[in-house]
Every structure is written in C-alpha cells, then in structure tokens.
C-alpha cells in the first residue's frame, strides 16, 4: 500500500518542493500551510508520517507535536527547523518528535530520513510472532505488558501512552533482555541511522521512556544504564 505523507509548511514553494521530491519516492503527499490545519490533518490518523515545520502561523510545530502526543497520536514526526541550537532540537525531541532536519537541508538527506523512518515503521509493525495459539506477540515482563499487534503498553494494568519511537525502542529492548546496546546500535536498530551526531536523540528518548514506565526514573527497574557502553533491558527474573 502506498504510504501517505503530510507536509505542514507555511512557505508554499518549500512545501511543494518537499512534496515533489517525496513523490519521487512513490509516496502520496498532501500539503497544508498553517498550524491549525496541520494539527487537524496530523491527528486524523490518515498519514504514515508527518513532516512538520516549527515556525507556522496560528499554531507552531512544537505545540502541534506536544498536542499529538498528549492525545496519543503516535504517527512519526520529522520536524523541520531553522533553529540550529541544540536546545531547540532537544526540545522538539522531548515533546515527542521522532527526528529533525535543520534548514537549509539537502533533498537527498530529506529523502533518506523519510525512507529510514518509514522502513523502521514497517520493521516494527508486528508480523504476528505467536506466543499463544492464534495470538500475536505479547511481551510480559513483571508489571509491564507490551502488545505488539495493537502497539499498546500497560503498566500494572494501566495504559501507557508512548510515541512511535518510544514504543519501538521499548520493544527492541524487551526482545533482547540483558543485552547491552551502544547508542549507535540503538540508532541503527530503531532510527535506521548510525550518524554519531544523533546519539543525543537516544538519550532523550530513553529519558522520556523511563519517565513513563519507571516508578522512579532516577533508579530504573527496566531500562538500565551500562556505564561506558550504553543501555540494556533488565534480565528476566
């Protein structure tokens, strides 16, 4: 099935340029040019990925991604920003963006990022690894239950709202309990890149994930730090 991409960019010439080159990848692309319309379209569930500019009229991109995640819309978001400071980039990731590009960016890089995000989305869409007859994969770990078919997580019976990348990261850990991963290995497995400049993306998502599944994020029970290496998931008891 052809993937659908939403481009939210107020400069119509830039939006159409992005759309043209994404259509070269055999993707279906829609464009909207203000924040209010962008949020309505992004929250509709019709799109596989959102390319979202930060600076928008009526509602900025950071507010949009915050609202999407608060309302449990897990559609992957690639943010476009003219702000080049690390603080601005980290803020977007903290609010729930999955990746970002700083303007000006090259078209090959844009295409590569979009392809990688869609590839990872397909890879982490479960293909029913059965654990019970007729059932799809479910990972149970103490009070944590991960349903890979519905992409839902529960902690002590209560639903936990995760973004697409937070869920993918958790599943990757939970499928490999006790194994230590470097940040670059996690980038490759979950984000589809091994560019060292994005290692902080891993740290940001780990912190957000811990804030949602750990009773005390400062003393984690599930996602553990391996000093000098990276992170690992707790061993099964």
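Points worth noting:
- Filter result for residue 56 (at pLDDT below 90, over 15 Å from the mean Cα position of the chain (by Cα), farther than 22 Å from residue 212 by Cβ and not in a strand (DSSP E or B)): no
- Per-region count, segment 11-29, residues surrounded by fewer than 17 Cβ atoms within 10 Å (Cβ to Cβ) and assigned to a loop (DSSP other than H, G, I, E, B): 4
- Residues of segment 135-172 classified as assigned to a strand (DSSP E or B) and either under 16 Å from residue 220 (Cβ atoms) or in contact with a helix residue (DSSP H, G or I) (Cβ under 7 Å, 6 or more places away or on another chain) (or both), total: 7
Residue-by-condition table, conditions (1) at pLDDT 90 or above; (2) buried (at least 16 other Cβ atoms within 10 Å of the Cβ); (3) not in a helix (DSSP H, G or I):
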site: 51; (1), (2), (3): yes, yes, yes
site: 68; (1), (2), (3): yes, yes, no
site: 72; (1), (2), (3): no, no, yes
site: 91; (1), (2), (3): no, yes, no
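- Every test in (1) surrounded by 14 or more Cβ atoms within 10 Å (Cβ to Cβ); (2) without any contact (Cβ under 8 Å) to a residue 24 or more places away in the chain; (3) under 19 Å from residue 75 (Cβ atoms) is passed by residue 159 save one, and that test is (1).
- Selected residue (only one of 40, 2, 9 is free of Cβ contacts under 8 Å to residues at least 24 places away in the same chain and either in contact with a strand residue (DSSP E or B) (Cβ under 7 Å, 6 or more places away or on another chain) or over 27 Å from residue 202 (Cβ atoms) (or both)): 40
- Residues satisfying the stated conditions in segment 30-41, i.e. closer than 23 Å to residue 107 by Cα and buried (at least 23 other Cβ atoms within 10 Å of the Cβ): 38
- Matching entry among 211, 178, 228 (being assigned to a helix (DSSP H, G or I) and not assigned by TED's automatic domain parsing to the domain that holds residue 95): 211
- Residue 72 within 15 Å of the chain's Cα centre (by Cα), in the same structural domain as residue 116 (by TED's automatic domain parsing) and on the phi > 0 side of the Ramachandran plot: yes
The values are calculated or read from the model by the stated rules, or taken from the named source; none is laboratory data. A quick note: this is a predicted structure, and the numbers were derived from the prediction, not measured. With ideal geometry, Cβ positions are generated from the backbone for all residues, glycine too; neighbour counts draw on all protein chains shown.
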